[in-house]
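First comes the structure, then the notes that go with it.
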Amino acid sequence: MAAQAESGGATTDTYKEARTWLLMPAWLVLLVLSLAPVSMILIYSFLTKEFRGGVIWEFSLASYDQFFFDRGLFGDEAPQIEWTYITIFWRSIWQAGAATILSLIIGFPTAYFIATRSEKVRPIWVFLVTIPYWVNLLIRTVSMKFLLRDQGPLNDFLLSIGLIDSPIHIVNTNFAVQLGLFYSYLPFMVLPIYASVERYNFALSEAAADLYATKWVTLRRILLPAVKPGVIAGCILVFVPSLGSFLAPDLLGGAKNFMIGSLIEEQFKGNAGNWPFGAAASMILLTMVLIILIVFARRQAKAEKREG
Amino acid sequence: MAQRKYDIKSYRGFGAMTILCLVVLYAPLVVVTIYSFNASNSITVWEGLSLRWYVDVFSGPESAKFKLAAWNSFVIAIIASTIATAIATLAATAIVRGGKFRLRTASIGLISLPLMVPEIVTAVATLIFFNYIGFDRGLLTIVLAHIAFCIPFAYLPIAARMQGIEDSYEQAAMDLYATKRQVFTRILLPLMAPGIISGYLLSFIVSLDDFIITNFVKGAGIETLPTAIFGAVKQGIKPNIMAISTMLLAVSIIMVTISYIVSKSDNTK
């Protein structure tokens, strides 16, 4: 997102002398309240747990050990791979992936459609797609649950038009979580794709058509490669927040569809939690996210270099 | 060249997908809004239009709890977004009008940090941090946490706006012997007003909406609207929750619309 503010326009050095002072408040606040806390997770993940929540300041690998290995009830058996948490992470990746694909299937045509409208009405379409994003995520998720319930309006509607005979059970399934995630982050898919398609030179499509390419071949071979950066950006912007989301799995998924967010949250609630373990799980999540973002940033940088 | 029989740009079905997309986006919100006006005690049966659940929110048995939560939410949002917007305006001036310097990229990275770190991780991090420095959890911890994650949301529209302003106005003022301070307050700030207002409103909404981070750093017994709603919803969706949700939804939509209109207005011409 910072890259958007970088490109084009007037960047001058009028306030060159004052820049240190101008930046000071931002640096101070973000170093103390953002960078330092995130770094402290790393430290806490290597501490010993206190039984009533909190930590004892003693170095320990117990959290990571608990995450990856099962040493039996009394901790004296030969270590085996502990699947519980790996399964939760794997499920989160799977769910976030499914939500991303769902968003792409609906988001790509939407973005394309909007980008090919007349210049005057485009901002209005974009605005329509972004409004729901600014509505409280909790309220959106609750609304989704209300709509999808067994006795909810969706089932009522489908029953009344005779499409189904008995209510379809959606809440507390994997699919409900995917729908919730899709609903939470769909605008993030539409906006970057829209931006790429808007910059796309349609003369290329014309040329392809002149050479007897069908529309779908043109879409696949000419348009898609050209707007790929936007598609990848959209996928990342949906996948990354989905991975660590808490509300959609918690409200729409029920106990069987536990994801990383809930696992972490549980470690910090009340006295039963395990802070160092929660910190370790956060660290693993953060590492995954940062790897995705770094790989993406490098690819983007390379692509920009190629273009000139 | 002969006119092609079909429009090269349009694909069949894409328009329908767009409509589907909008239906999916709006259906849940519309349904909850409609049901918030339901006269029935049950959330399933429709018994006609009524404002009883809105009356219930303001004077019912739970009204004191929700009023306090709403008060907390708005106070936190006002303080956090005001401070975040001020910080973001100064930072944007340094980054967009401060020339090239070594820490520029690092500064942009630091400002975007709250956007890149998953919310749940930020929540854990902030909790751990306050715990470590021995800061009692309460309203102040919520405000501090909100300031941090509001900064990027305030920064983006402000910086984008400043990029769009030609520096000829500032040059002209300086040619006429205005000091840099005068140029900033009399030329740059007024020109940036749409960006600043839109940054302020966006960070206000983001603060008002936050659940996860607030839930981690709030002290026992302190509730904001989202945490109060979450607590209530855990026992099942009740009609009064739908009334509160509809009001909050209206606040968000009104503020985003204002932000949109303001950012579209161009006062440089």
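Take the stretch A:111-133 and flag every residue that is facing chain B (nearest Cβ under 8 Å) and buried (at least 22 other Cβ atoms within 10 Å of the Cβ).
A:TYR112, A:PHE113, A:ILE114, A:VAL129, A:PRO132 - these are the residues of the stretch A:111-133 that are facing chain B (nearest Cβ under 8 Å) and buried (at least 22 other Cβ atoms within 10 Å of the Cβ).
Picking from A:PHE188, A:PHE146, which residue would you name as being more than 24 Å from A:PRO109 (Cα to Cα) and assigned to a helix (DSSP H, G or I)?
A:PHE146
Give the residues of the stretch B:106-123 that are more than 17 Å from A:ILE291 (Cα to Cα), open to solvent by less than 10 Å² (accessible area, probe 1.4 Å) and within 7 Å of chain A (Cβ to nearest Cβ), sorted by residue number.
Those that are more than 17 Å from A:ILE291 (Cα to Cα), open to solvent by less than 10 Å² (accessible area, probe 1.4 Å) and within 7 Å of chain A (Cβ to nearest Cβ): B:SER107, B:ILE111, B:ILE120.
Report yes if B:PHE14 is free of Cβ contacts under 8 Å to residues at least 24 places away in the same chain, among the aromatic types (Phe, Trp, Tyr), within 7 Å of another protein chain (Cβ to nearest Cβ) and under 30 Å from B:LEU188 (Cβ atoms), otherwise no.
Judged against the criteria, B:PHE14 is not a match.
Mind checking which residues of the stretch B:89-105 are touching a residue at least 40 places away in the same chain (Cβ under 8 Å) and either within 7 Å of another protein chain (Cβ to nearest Cβ) or in contact with a Cys (Cβ under 8 Å, 6 or more places away or on another chain) (or both)?
Answer for the stretch B:89-105, where residues must be touching a residue at least 40 places away in the same chain (Cβ under 8 Å) and either within 7 Å of another protein chain (Cβ to nearest Cβ) or in contact with a Cys (Cβ under 8 Å, 6 or more places away or on another chain) (or both): B:ALA91, B:THR93, B:VAL96, B:ARG97.
Inside the stretch B:23-43, can you point out the residues that are in a helix (DSSP H, G or I) and more than 10 Å from chain A (Cβ to nearest Cβ)?
If the condition is that a residue be in a helix (DSSP H, G or I) and more than 10 Å from chain A (Cβ to nearest Cβ), then B:VAL23 is the only one that fits.
Please work out if B:ALA220 is in contact (Cβ under 8 Å) with a residue 60 or more places away in the chain, more than 7 Å from chain A (Cβ to nearest Cβ) and assigned to a loop (DSSP other than H, G, I, E, B).
yes
Check the stretch A:59-66 and report whether any residue there is at pLDDT 90 or above, more than 8 Å from chain B (Cβ to nearest Cβ), part of a helix (DSSP H, G or I) and open to solvent by 40 Å² or more (accessible area, probe 1.4 Å).
no
Which number in (1) more than 8 Å from every other protein chain (Cβ to nearest Cβ); (2) of a type in the set (Val, Ile, Thr); (3) closer than 21 Å to A:LEU35 by Cα marks the one condition that B:VAL75 misses?
It is condition (3) that B:VAL75 fails.
I'd like to verify a number: residues in the stretch B:51-65 that are hydrophobic (A, V, I, L, M, F, W, C), closer than 11 Å to B:ALA243 by Cβ and either at pLDDT 85 or above or not in a helix (DSSP H, G or I) (or both), how many?
4
Give me the pairs, please: first residue somewhere in the stretch A:204-224 and more than 19 Å from A:PHE113 (Cβ to Cβ), second residue anywhere and open to solvent by 70 Å² or more (accessible area, probe 1.4 Å), beta-carbon distance under 8 Å, and either six or more positions apart or on two chains.
A:ALA208/A:ARG221; A:ALA213/A:ARG221
Could you name every one of the helices (runs of 4 or more DSSP H) located completely within the stretch A:198-308 that has at least 3 residues being β-branched (Val, Ile, Thr) and more than 13 Å from chain B (Cβ to nearest Cβ)?
Qualifying helices (runs of 4 or more DSSP H): A:224-243.
Sort out which residues of the stretch A:255-291 are loosely packed, with under 14 Cβ neighbours inside 10 Å and among the β-branched types (Val, Ile, Thr), and write them in order of number.
Selection gives A:THR287, A:ILE291.
Among the residues of the stretch B:133-154, what is the count of those that are assigned to a helix (DSSP H, G or I) and either open to solvent by 10 Å² or more (accessible area, probe 1.4 Å) or at the interface with chain A (Cβ under 8 Å from one of its Cβ atoms) (or both)?
Going through the stretch B:133-154 one residue at a time, the tally reaches 11.
So if I check each of A:THR20, A:THR11, which one is modelled with pLDDT under 85, farther than 30 Å from A:LYS269 by Cβ and within 13 Å of chain B (Cβ to nearest Cβ)?
A:THR11
The values are calculated or read from the model by the stated rules, or taken from the named source; none is laboratory data. Worth saying up front: this structure is predicted, and the values here are computed from it rather than measured. Cβ atoms come from the backbone with ideal geometry, glycine included; neighbour counts cover every protein chain shown. What goes into the accessible areas is simple: the full protein's heavy atoms, side chains included, and nothing from ligands, DNA or RNA. Shrake-Rupley method; radii C 1.70, N 1.55, O 1.52, S 1.80 Å.
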